[in-house]
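Below is one structure, written out as structure tokens; comments come after it.
All of the numbers you see were taken from the coordinates with simple rules; none came from a lab. Because the structure is predicted, anything quoted here is derived from the model rather than measured. No Cβ is skipped: glycine too gets one built from the backbone with ideal geometry, and neighbour counts run over all protein chains shown.
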Amino acid sequence: MTTLNILTLPDKRLKTLAKKVDVFDKDLQQLIKDMFETMYDAPGIGLAATQVNIHKQVIVIDVSEDKDQPLCLVNPEIVEKKGEQVYEEGCLSVPNIYAKVKRADSVSIKAQNETGKSFELTAEGLLAVCIQHEIDHLKGIVFLDHLTPLKRKMALKKLEKNKF
Ligand code: GNR
Ligand code: NI
């Protein structure tokens, strides 16, 4: 069992743009395994490789109650968004800070699995929130970037204060 170190704000490495995966080898499968263990251990409902300082387009997700529905997305792309929802988000890279974020209510994505096989998926509700949150990480975006400048400033102040 390997748990990876999770970067937290204000770490600038969280702003790195992740690169496409083009080699589906044992190392990739080990990374995915370690990311699932890290996510379940945290615990969290999703984890992007960016958060463990690996700048590849790899995401793991499990929004199920019983933590028995692992979903791995490699090279994910949103192909369609529908509607709006507001959800109170948190992030393992922004500990103890929660804020409402407006996102699409439903997303259709194209992605590859851990062996490189392409698939499409349409998600709504919490799974759609989580997919959008994780794809943001791969682009160097954290949920605080969706807030107004004032709310973001307040959240960052609280984060700083929590360190003492
Ligand atoms: O564990 C997590 N919970 C969560 C709750 C609401 C919206 C998004 C998330 S994702 C987060 C784990 C995380 O930081 N993934 O990047
Ligand atoms: Ni996050």
(message) Once you order the gyration tensor axes a ≥ b ≥ c over the Cα atoms, which shape class does region 1-103 get: rounded for a/c under 1.5, otherwise prolate or oblate by comparing a/b with b/c?
(response) rounded
(request) Over region 70-164, consider all pairs of different Cα atoms and compute the Kirkwood hydrodynamic radius from their mean reciprocal separation; express it in Å, one decimal. (result) 14.4 Å
(message) Can you compute the modelled spin-label distance between His55 and Lys12, with each label point 7 Å from Cα toward Cβ, in nm?
(response) 1.2 nm
(message) Residue by residue through region 58-66, what is 3J(HN,Hα) from phi via Karplus (6.51 cos²θ - 1.76 cosθ + 1.60, θ = phi - 60°)? Round to whole Hz and write x for glycine and proline.
(response) 10, 9, 10, 9, 8, 9, 6, 4, 8
(request) Within region 59-93, which residues have the backbone N less than 19 Å from the label spot 7 Å out from Lys102 along Cα→beta-carbon, could you tell me? (result) 81-90
(message) Suppose R0 equals 22 Å. What FRET efficiency, 1/(1 + (r/R0)^6) with r the Cβ-Cβ distance, do Lys151 and Glu37 give to the nearest 0.05?
(response) 0.10
(message) Need the full-extension length gain, Gln69 to Thr3, defined as separation in residues times 0.36 nm minus the C-alpha distance. One decimal, nm.
(response) 21.8 nm
(request) Would you mind ranking Asp145, Asp136, Asp27 by Cβ crowding within 10 Å, fewest neighbours first? (result) Asp27, Asp145, Asp136
(request) Step through the table entries Lys26/Lys100; Lys19/Lys163; Lys12/Lys67; Lys67/Lys163; Lys100/Lys139; Lys67/Lys117, compare each Cα-Cα distance with 27 Å, and write down the pairs that go over it. (result) Lys26/Lys100; Lys19/Lys163; Lys12/Lys67; Lys67/Lys163
(request) Based on other C-beta atoms within 10 Å, arrange Ser118, Ser106 from fewest to most. (result) Ser118, Ser106
(request) Over the chain, calculate the relative contact order: mean separation of alpha carbon pairs under 8 Å at least 6 apart, over the residue count, as a percent. (result) 23 percent
(request) Please give the contour-minus-distance gain from Val79 to Phe24: 0.36 nm per residue of separation, less the Cα-Cα distance, rounded to one decimal in nm. (result) 17.5 nm
(message) I want to verify a result. In a Gaussian network model of the chain, Cα cutoff 10 Å, which of these has the top mean-square fluctuation: Leu127, Leu147, Leu73?
(response) Leu147
(request) Starting from the amide H of Asp105, placed 1.01 Å from N in the peptide plane, find each other amide H under 5 Å away whose residue is 5 or more places distant or on another chain. (result) Lys82, Gly83, Glu84, Gln85
(message) Helix-only mean residue ellipticity at 222 nm, the chain, DSSP H runs n ≥ 4 weighted -39,500 (n - 2.57), per residue, nearest 500. What is it?
(response) -8500 deg cm²/dmol
(message) Given Cβ point charges of +1 (Lys, Arg) and -1 (Asp, Glu) and nothing else, what value in debye, to the nearest 20, does the dipole of the chain about its Cα centre take?
(response) 1000 debye
(message) Using a 10 Å cut-off around each Cβ, can you sort Tyr98, Tyr87 from fewest to most neighbouring Cβ atoms?
(response) Tyr98, Tyr87
(request) Give a residue-ordered list of calculated ³J(HN,Hα) values for region 115-130 (Karplus: 6.51 cos²θ - 1.76 cosθ + 1.60, θ = phi - 60°; whole Hz; x for Gly, Pro). (result) 9, x, 6, 6, 8, 10, 8, 10, 10, 9, x, 4, 4, 5, 4, 4
